[in-house]
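The values are calculated or read from the model by the stated rules, or taken from the named source; none is laboratory data. Owing to the predicted nature of the structure, the values given are computational and were not obtained by experimental measurement. Reconstructed Cβ throughout: ideal geometry from the backbone, glycine too, with neighbour counts over all protein chains shown.
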Amino acid sequence: MALGTALLTPAEAMAAPADAAPGCVSVRQWDDWTITGYRSYAEVKNNCLWEYRVRVIWKNDLDGSCKSVRPGAGFTEWRQGKMPSVDEIRLC
């Protein structure tokens, strides 16, 4: 086995696309009412042992830009309106 290669069970291999962020990268979503109307928020947190470059893929809106996230750190993005929601977190 090559260094840095992880073995996945068949179920794990079929469950996530190759460019999906690992399961230790979490996302929390919520909506809030602001003076300009609804905003949809996504908070991404890296609970992994390594730094990853990830981006938020939004439904019904533009995708986020690539961000480097250190272990234990995270970031928050928002989109205007109540319709946008996070489709997935991808590696980049």
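Miscellaneous remarks
- Only residues that are closer than 16 Å to residue 81 by Cα, of a type in the set (Ser, Thr, Tyr) and within 11 Å of the chain's Cα centre (by Cα) were counted across the stretch 18-66, and they come to 0.
- Considered as a group, the residues in the stretch 58-92 that are modelled with pLDDT of 95 or more and β-branched (Val, Ile, Thr) include one that is surrounded by the fewest Cβ atoms within 10 Å (Cβ to Cβ), and that residue is 76.
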